[in-house]
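Read through the structure below, which is laid out as structure tokens, and then see the notes.
The values are calculated or read from the model by the stated rules, or taken from the named source; none is laboratory data. Here the structure is a predicted model, which is why all the values come from computation and not from measurement. Reconstructed Cβ throughout: ideal geometry from the backbone, glycine too, with neighbour counts over all protein chains shown.
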Amino acid sequence: MAHELNLKKALAQQQNEIDDFTIYSMLSVSDKYEANKLIFHKISEEEKGHYTYLLSFTKQELKPRAHVVFFYLLLSKIVGISFTLKFLERREEDAKQFYKELIAIDDKANAIYEQEINHEIELIDMLHDKKLLYAGAIVLGMNDALVELTGTLSGIALAFDKSVVVGITGLIMGIAAALSMAGSAYLESKENIGAEIKPMTYALYTGVSYILTTAILVAPFFICEKISVAIIWMFFGAVLIIGLYNFYISVAKDLPFWKRVREMSYITFGVALISFGIGYVVKHYFGIEI
């Protein structure tokens with residue numbers, strides 16, 4: 001029974017190895033940076049060696065799973081290779097355990113175990129990932145939109161009586177602020193950021209991230225008639241944005257996830273609470289209703 005279980009584990013790991021070999025091989029062809037190509041080729045050869053090693057145990061040839069390969073290649077195009085490959089390597093925790101157990105059966109597994117622990121992550125940390133270079137622009141646009149719009153929408157939601165009016169006001173302010181922020185980001189990148197970053201692209205990342213964040217935050221006010229319900233959904237959208245972005249950064253840059261989520265949440269919801277209070281005062285004492 002134990003032998004059957006080990007065979008299943010070996011086949012599962014062998015499947016991962018042939019999938020990874022295919023992913024890295026295709027990246028070594030498609031990536032435009034020569035240094036990256038060399039890294040991908042090196043890792044792909046190691047994955048192929050792991051596959052061949054396991055084949056000696058299982059005696060079963062396996063083919064790469066097209067949907068798995070397609071998913072990771074598509075992900076690399078959307079969010080960059082650093083996030084994609086570190087996300088891919090997270091499943092290596094099971095691989096480490098598997099090869100650690102295999103050492104008791106065959107000493108050759110020790111070399112693969114060492115590679116799984118150190119070598120691949122070290123290589124991935126050397127990758128040139130242009131999308132990651134623009135992470136600062138995304139933070140600039142997204143974080144500013146979160147703080148400014150959650151605060152603004154919370155404040156005017158109490159001053160106005162119509163949900164759609166809140167949404168339109170927030171949308172106009174958001175688009176205007178996005179254009180202003182993009183312009184500021186362009187000038188900042190020309191003065192303070194390294195030569196690898198193009199000012200126009202940096203400004204575009206900033207503006208687009210601001211507008212996308214704006215769209216998510218104001219959408220509930222166009223959908224929900226009750227302002228109280230729209231505010232709840234707006235905060236849910238803010239939490240979702242904060243969570244998704246910090247998950248990306250925590251994986252791509254090996255940064256603490258929950259610490260960053262807490263910091264952004266405190267700032268965002270602190271400003272929103274203050275603005276909510278100001279809106280209450282304006283409505284209660286000045287009687288403004290639109």
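Name the one entry in Leu204, Leu217, Leu212, Leu179 that is in contact with a Gly (Cβ under 7 Å, 6 or more places away or on another chain) and crowded, with 16+ Cβ neighbours inside 10 Å. From the options Leu204, Leu217, Leu212, Leu179, the qualifying one is Leu217.
Taken over the range 67-109, residues that are closer than 17 Å to Tyr51 by Cα and at pLDDT 85 or above amount to 2.
Yes or no: Lys198 outside the structural domain of Ser265 (by TED's automatic domain parsing), basic (Lys, Arg) and modelled with pLDDT of 75 or more?
No: the conditions fail for Lys198.
For the range 14-44, a residue qualifies if it is under 17 Å from Lys96 (Cβ atoms) and surrounded by fewer than 21 Cβ atoms within 10 Å (Cβ to Cβ), and exactly one does: Gln15.
Restricting the search to the range 72-98, which residues are without any contact (Cβ under 8 Å) to a residue 60 or more places away in the chain and aromatic (Phe, Trp, Tyr)? Selection gives Tyr72 alone. Looking at Glu4, is it more than 24 Å from the chain's Cα centre (by Cα), at pLDDT 90 or above and of a type in the set (Asp, Glu)? No. Within the set Tyr245, Tyr285, the sole residue that is modelled with pLDDT under 75 and at negative phi turns out to be Tyr285. Checked against the criteria, Ala109 does not count as surrounded by fewer than 17 Cβ atoms within 10 Å (Cβ to Cβ), more than 24 Å from the chain's Cα centre (by Cα) and more than 29 Å from Ile249 (Cα to Cα).
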